[in-house]
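So the structure is just underneath, and the comments pick up after that.
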Amino acid sequence: MLNTRTVAMCLACCVFTVCCQLNGHPTDDKSQWILSSGLNLVDLSYDFAEDTAVWPTSNKFQITNKVEGPNVNGIWVSSESFCSPEHGGTHMDAPVHFINGRWTVDQIPISRLVAPAVVVDIRHKVEHDNEAQLTTEDLTAWEKSNGHIPENSVVLMNSGWGKYWFNQSAYFGNAENDVTNLHYPGIHPEAAKWLVANRSVVGVGVDTPSLDYGATKDWLTHRVLSEANVYGLENVANLDRLPQSGTTLYVLPMKIRGGTGAPCRILAHINVSLLETNSSNTLSYAFLLQAILFMFSFFL
């Protein structure tokens with residue numbers, strides 16, 4: 001039989017766990033969060049390594065010419081070279097990728113690389129359809145809940161597809177690297193047209209291999225966005241760690257002269273007022289926990 005002390009402690013642990021979940025901060029992977037010295041950052045990039053997912057027809061990321069050890073003077077030196085496709089891992093698609101004459105990576109104004117982020121969650125659709133697309137209706141529904149999409153922002157699609165990142169067959173939707181038989185979510189061309197025509201966005205991003213969904217044959221989403229000099233971000237990580245709004249994005253592509261794309265480090269800075277709200281919620285949950293413990297103290 002469990003005594004009342006054990007019951008009280010179990011209940012307290014349960015309440016504490018719920019508090020952590022409601023507070024919205026991860027309790028396991030601290031490496032993705034910097035919550036000190038006034039910084040509230042989330043890393044939205046995957047590591048680059050020889051097992052990094054790249055487009056099926058591209059070469060893999062490779063490390064070459066590795067040198068490691070003491071030099072002739074006994075001083076430790078570690079150095080290596082790397083070879084990478086432009087469009088592999090977490091990366092940027094420059095507008096020239098699909099429209100001749102549009103911006104290359106190095107031509108994109110730096111003012112467009114620091115921007116408000118909008119996160120549109122379509123995970124509920126992807127649960128039933130692995131080729132679900134973000135639609136105009138998803139965007140207008142987001143605005144009903146969050147207000148107008150900010151000027152000069154980056155719209156990010158959170159499909160939950162990142163859970164397959166470490167399983168390349170699942171991530172691309174087939175095990176044969178067959179580019180004619182790919183299956184994953186994307187952004188519908190009509191949604192891209194709506195953003196270009198009605199909202200002043202500088203970029204869009206997805207947690208999948210491509211802005212267009214896997215079965216596309218015309219790459220129309222890419223083409224619509226590229227025509228308007230809107231850049232794309234693909235294979236974006238950790239979108240489930242961001243709020244729907246209130247985040248500033250720092251997009252840091254390798255500055256490749258004439259590049260059609262580039263490996264990219266992406267950082268998200270969460271508005272401190274959102275964290276203060278969460279902290280306030282935590283205090284409320286802590287008060288609830290104390291009240292429950294006080295009530296059970298009468299039975300201990």
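Observations on the structure shown:
- Mean separation of Cα contacts under 8 Å, 6 or more apart, over the residue count of the stretch 42-95: relative contact order %: 35 percent
- Sequence-distant contacts, meaning Cα pairs under 8 Å at least 6 residues apart, place the relative contact order of the stretch 100-195 at 34 percent.
- Net charge contributed by nearby residues that have their C-beta within less than 11 Å of ILE149 (K/R +1, D/E -1): -1
- Residue ranges 133-146, 74-87 sort as 133-146, 74-87 when ordered by packing (mean number of other C-beta atoms within 10 Å per residue, highest first).
- Cα centroid of the stretch 132-186 to Cα centroid of the stretch 40-104, whole Å: 23 Å
- Projected label points at ALA215 and ASN177, each 7 Å from Cα along the beta carbon direction, are separated by 2.5 nanometres.
Each value in this text was obtained by applying a stated rule to the coordinates, not by laboratory testing. Note that the structure is predicted; figures quoted are calculated from it, not measured. Methodologically, a virtual Cβ is constructed for each residue, glycine included, from the backbone with ideal geometry; neighbour enumeration extends over all protein chains shown.
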